[in-house]
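Visitor: Sending over a structure as structure tokens; questions will come in a sec.
The values are calculated or read from the model by the stated rules, or taken from the named source; none is laboratory data. Nothing here was measured: the structure is a model prediction, and the numbers come from that model. Note: ideal-geometry Cβ built from the backbone for every residue, glycine included; neighbour counts use all protein chains shown.
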Amino acid sequence: MNETLDLAHLRTLLAVVDEGSFSRAAEQVHRTQSAVSMQIKRLEETVGKDLFQRIGRRSELTREGTALTDYARRILRLHDEALTAIARPDIAGAVRLGVPDDYMSGFLPEALSEFAETYPHVEVELRCETSGKISKAHEAGEIDIGLVTIAMVSQQCRLVRREPVIWATSGRHVVHERDPVPLAVFETGCIFRKWAGDMLDEAGRAFRIAYSSESLAGLVTAVEAGLAVTLLPKSSMPPGFRELTPDEGFPRLPVVDIGLIPPRADAGGAVHALADHISEHVTRDITS
């Protein structure tokens, strides 16, 4: 076999799969939609198989496309690890990262796992608190970088992710049908708590704060027991929960902008490496 898989074409394939459409993939890889389609076509010519099939108005992976996607992830992971290991072999040290635990339970673990594989000699110390406390800890020099809700802090942040906030309830209970609806929310000052009150007031839906907690675990416990409804970033919704819709009396919530409080210029190489890694690996707009 004389054919060779093009790494750029493999990255485009993963962008299409992860983003769910050719148009959003085009934005991610900074190409036109026609260029993305052409790269997928050339990849299909290389392997001699169709990678996507049309089902109604949607494009879905074929069996061969699914298999190649798995190989593509492994190939690109090894490729990127090899380049990093050779180019920056000596990075070591400790990094203090502040992050709200609802983000820690959602999109961040995969990025941290990849970072640990690339930089095995870097120790990451996690500090899970609210965005406001993370902001103050950064100002006090107690943490090196922070991942926060931008609306909750005063520092200049690097926008790294946008995603919907949803109403979430237990899939086994009907607590959302109560009047007033009981809410489990983060403590006073959290933007999600403000959005809950503002949106329900605007919709004319009566509510009461039934449970308040600084930790996601406290909110999840109340919702799992069928005692309340909560608000979460969509990627943080636990198994067994379901999203509530406007048809059920829960209006659409705003999008949350998630930002990185960057390291100081004189921070060590390990700190800058983690900041860059987070920016590169969690950057995504899943609101469209």
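Visitor: Surrounded by 13 or more Cβ atoms within 10 Å (Cβ to Cβ) and of a type in the set (Gly, Ala, Ser), is that true of Ala72?
Guide: The answer is yes for Ala72.
Visitor: Checking the condition closer than 30 Å to Arg264 by Cα and either basic (Lys, Arg) or outside the structural domain of Thr188 (by TED's automatic domain parsing) (or both), which residue from Val122, Val99, Val47, Val29 passes? Spell out the reasoning first.
Guide: Details: Val122 fails: either basic (Lys, Arg) or outside the structural domain of Thr188 (by TED's automatic domain parsing) (or both); Val99 fails: either basic (Lys, Arg) or outside the structural domain of Thr188 (by TED's automatic domain parsing) (or both); Val47 fails: closer than 30 Å to Arg264 by Cα.
Testing whether each residue is closer than 30 Å to Arg264 by Cα and either basic (Lys, Arg) or outside the structural domain of Thr188 (by TED's automatic domain parsing) (or both) leaves just Val29.
Visitor: Moving on to the next point. Would you call Ile55 over 27 Å from Gly189 (Cβ atoms) and modelled with pLDDT under 90? Outline the logic, then answer.
Guide: On the way: over 27 Å from Gly189 (Cβ atoms): yes; modelled with pLDDT under 90: yes.
Yes: the conditions hold for Ile55.
Visitor: Whether any residue in the stretch 105-119 is among the β-branched types (Val, Ile, Thr) and either at pLDDT below 90 or not in a helix (DSSP H, G or I) (or both) is what I want to check.
Guide: Within the stretch 105-119, the subset among the β-branched types (Val, Ile, Thr) is 118.
So of that shortlist, the ones also either at pLDDT below 90 or not in a helix (DSSP H, G or I) (or both) come out as 118.
So far as the stretch 105-119 goes, yes, one or more of its residues are among the β-branched types (Val, Ile, Thr) and either at pLDDT below 90 or not in a helix (DSSP H, G or I) (or both).
Visitor: Suppose we filter Gln53, Gln28 for residues that are of a type in the set (S, T, N, Q) and part of a helix (DSSP H, G or I); which single one remains? Spell out how you get there, then give the answer.
Guide: Values: Gln53 fails: part of a helix (DSSP H, G or I).
Step by step, each of Gln53, Gln28 is checked, and only Gln28 is of a type in the set (S, T, N, Q) and part of a helix (DSSP H, G or I).
Visitor: Arg57: more than 26 Å from the chain's Cα centre (by Cα), surrounded by fewer than 16 Cβ atoms within 10 Å (Cβ to Cβ) and closer than 30 Å to Val165 by Cβ, yes or no?
Guide: Values: more than 26 Å from the chain's Cα centre (by Cα): yes; surrounded by fewer than 16 Cβ atoms within 10 Å (Cβ to Cβ): yes; closer than 30 Å to Val165 by Cβ: yes.
Yes: the conditions hold for Arg57.
Visitor: In the stretch 269-285, is there at least one residue being in contact with a Gly (Cβ under 9 Å, 6 or more places away or on another chain), touching a residue at least 60 places away in the same chain (Cβ under 8 Å), in the same structural domain as Val160 (by TED's automatic domain parsing) and within 20 Å of Thr149 (Cβ to Cβ)?
Guide: no
Visitor: Then there is this: Please name all residue pairs, on different chains or six or more residues apart, with Cβ atoms under 9 Å, provided the first residue is in the stretch 46-65 and is at negative phi and charged (D, E, K, R) and the second residue is surrounded by fewer than 14 Cβ atoms within 10 Å (Cβ to Cβ) and part of a helix (DSSP H, G or I).
Guide: Lys49/Arg63
Visitor: Name every residue in the stretch 203-254 that is of a type in the set (Ser, Thr, Tyr), surrounded by fewer than 16 Cβ atoms within 10 Å (Cβ to Cβ) and under 20 Å from Tyr103 (Cβ atoms), in order of residue number.
Guide: Hit for the stretch 203-254 is Thr221, nothing else.
Visitor: Here's another thing I want to ask about it. When Ile145 is evaluated against the numbered criteria (1) at pLDDT below 90; (2) in contact with a strand residue (DSSP E or B) (Cβ under 9 Å, 6 or more places away or on another chain), which criterion, by number, is the only one it fails?
Guide: Looking at each condition in turn, Ile145 falls short on (1).
Visitor: Now for a different question. Name the one entry in Arg178, Arg161, Arg172, Arg193 that is closer than 20 Å to His272 by Cα and either in the same structural domain as Asp266 (by TED's automatic domain parsing) or surrounded by fewer than 20 Cβ atoms within 10 Å (Cβ to Cβ) (or both).
Guide: Going through Arg178, Arg161, Arg172, Arg193 in turn, the sole match is Arg161.
Visitor: Could you pull out the residue among Ala265, Ala275 that is part of a loop (DSSP other than H, G, I, E, B) and closer than 30 Å to Glu117 by Cα?
Guide: Ala265
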